[in-house]
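Read-outs throughout are calculated quantities, based only on the coordinates presented, and are distinct from any laboratory measurement. Keep in mind that this is a model prediction, so the values were computed, not measured. With ideal geometry, Cβ positions are generated from the backbone for all residues, glycine too; neighbour counts draw on all protein chains shown.
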Amino acid sequence: MKNVLLIFIDGLGLGSEDPDVNPLVRFDPPVFRRLFGGALTRERGLILDDAASLVPTDATLGVAGLPQSATGQTALFTGVNAAAALKGHVAGFPGPALAGIIAEHGVMAELAAEGFRVTSANMYTPRYQELVDGRKRRHSASTLTILGAGAELRSVALLEAGEAVFQDITNEMLPGMGVEGVPPVAPAEAGKRLASLAARYHFTLFEYFQTDRAGHKRDWAVAEKIAATLDGFLEAVLAGRHADTLVAVTSDHGNFEDLSVKTHTANRVPTILAGPGCRKAAEGIRDLTDIKPALTAYIREGEQG
Ligand SMILES: [Zn+2]
C-alpha cells in the first residue's frame, strides 16, 4: 500500500549560512547534514535523489507581501493558490472564503472520497475543543483539512496508548494546557510512533508549529531545543518508516530560519521528500500548490499496480 506521511512544520524556511541569524546553521541538526551534505539552508539548492530529495519551494505564490499561515496552509493542503484567490496573504485562521476552498479541495477529503484511509496523527486537548465550542478560537487551515475529511482529532487516551503525537512532539507542554499525567516522550520515540501509525493509513498528517512561535519570539534558547527535537524526531521517522511510505516534510512560509526578524520571511521553504517515489514527486514541485498533486499521485499509483 503506497502511503504518504506529511509532516507540516509551520514557519520553516531556507535561510542563509549565517549562524548569527539561522538556528539551523548554529545548531545544525545532524539529520539534515546526513540527508543533504550540509545545514538546511538555501545553499543546498535543488537536490533530486532517489534516497532523499530537497525542493526549495516558493511560498510567496506570486503575491506581494510576506506569506502568511492561513493562505499558505490552504495552498499546501488544497493545491489552490489561496493567496491569489484572496488577492493577498492572510494570517492566522481561515475565514469563510478560505474555509470554502478547503471544503472543496482539501487533500484529505479528496482522498477519503476516493476510498483512501486518511488520518491526523496530532492529539488535540480537551481544552481546544472547549475553546472552539465556545467560539473562543477558530480552526486552523490544517484542522479544517482534517475535519473536512471526517477524520477524528486524536484524544489524550490515544496519545497515552502511543497512537498519537502531541503538537510539541515531546508532551512537555501538556501540563500547561490542562492535561496532567501524560509522561514526556523522547523525540525519537514520538517519531517511531508516528512512522508506525502512518503505515496503517494511505495519508497521515502531522503538524508542528513551535518553529513559527520561536521565530516570532526570536527565542534562541527555544530554537536550540527545537533543533534538537526535530533532529531526533525526523531521524526516527525516516528510520522507522514503512518501505512503502513516502515521507514529506514541508512548511507554509519562512520564519524560524531568520531570528534577526520577528516576522515571517519571503524565503523559499524546504520540501524534503524521502522514500519510494521521492525523486519523481520532487520533480513536480515548484511552489506550495504543487505539493498536494505530487503526494496524491504517489498514493493513487498504489491502486493502479
Ligand atoms: Zn507565524
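Suppose the chain between residue 200 and residue 131 were pulled fully straight at 0.36 nm per residue; how much longer would it get relative to their current alpha carbon spacing? Before the final figure, lay out each step's value.
Values: separation 69, 0.36 × 69 = 24.84 nm, distance 3.09 nm.
Extending this stretch completely gives an extra 21.8 nm.
In Å, what is the Rg of the alpha-carbon atoms in the stretch 3-304, and how long is Dmax?
Taking only Cα atoms of the stretch 3-304, I get Rg and Dmax of 17.6, 50 Å.
From the backbone phi of the stretch 221-236, what are the Karplus-calculated ³J(HN,Hα) couplings (6.51 cos²θ - 1.76 cosθ + 1.60, θ = phi - 60°) in whole Hz, Gly and Pro given as x?
5, 5, 4, 5, 5, 4, 4, 5, 4, 4, 4, x, 5, 5, 4, 6
Mind listing the long-range amide H neighbours of residue 123? Cut-off is under 5 Å, sequence gap 5 or more, other chains count too, H placed in the peptide plane at 1.01 Å from N.
165, 166, 167
For the stretch 76-89, what does the Karplus curve 6.51 cos²θ - 1.76 cosθ + 1.60, with θ = phi - 60°, yield as ³J(HN,Hα) per residue in whole Hz, taken in order and with x for Gly and Pro?
Coupling constants for the stretch 76-89: 4, 8, 10, x, 9, 6, 5, 5, 5, 4, 9, 6, x, 7 Hz.
Going through the cross-link list 2/192; 192/292; 225/280; 192/262; 136/217, which pairs have a Cα-Cα distance over 30 Å in this structure?
In this structure, 225/280; 192/262 lie more than 30 Å apart at Cα.
Provide 196, 69 in ascending order of the number of other Cβ atoms located within 10 Å of each residue's Cβ, fewest first.
Ascending Cβ contact count within 10 Å gives the list 196, 69.
Applying a 10 Å radius around every beta-carbon, put 71-83, 114-126 in order of their mean neighbour count, most first.
Ranking the peptides 71-83, 114-126 by packing returns 71-83, 114-126.
Taking a virtual spin label 7 Å from the Cα of residue 1 along the C-beta vector, which residues in the stretch 102-117 bring their backbone nitrogen under 20 Å of it?
Correct set: 107-117.
Relative contact order for the stretch 3-304: what percent, with Cα pairs under 8 Å and sequence separation of 6 or more? Don't skip to the answer; put the middle values down first.
Working: 701 pairs, mean separation 101.7, N = 302.
Result for the stretch 3-304 is 34 percent.
Taking only Cα atoms of the stretch 263-302, what ratio of Rg to Rh do you get with Rh as the Kirkwood inverse-distance radius? Spell out each step's value before the answer.
Working: Rg = 11.6 Å, Rh = 11.1 Å.
Ratio value, two decimals: 1.05.
Going by Cα centres, the stretch 197-262 and the stretch 101-139 are how many Å apart?
After rounding, the separation between the Cα centres reads 19 Å.
At what distance in nm do the modelled label points of residue 117 and residue 303 sit from each other, each positioned 7 Å from its Cα along Cα→Cβ?
Simple spin-label model gives 1.6 nm for this pair.
Provide 201, 298 in ascending order of the number of other Cβ atoms located within 10 Å of each residue's Cβ, fewest first.
By the 10 Å Cβ count, ascending, the order reads 201, 298.
Grab the beta carbon distance between residue 152 and residue 279, set R0 = 30 Å, and tell me the FRET efficiency rounded to 0.05.
Here the calculated transfer efficiency is 0.35.
By its C-alpha gyration tensor, with a ≥ b ≥ c as the square roots of the eigenvalues, how is the stretch 168-300 shaped: rounded for a/c under 1.5, else prolate for a/b larger than b/c, else oblate?
Because a/c hits 1.5 or more and a/b fails to exceed b/c, the stretch 168-300 counts as oblate.
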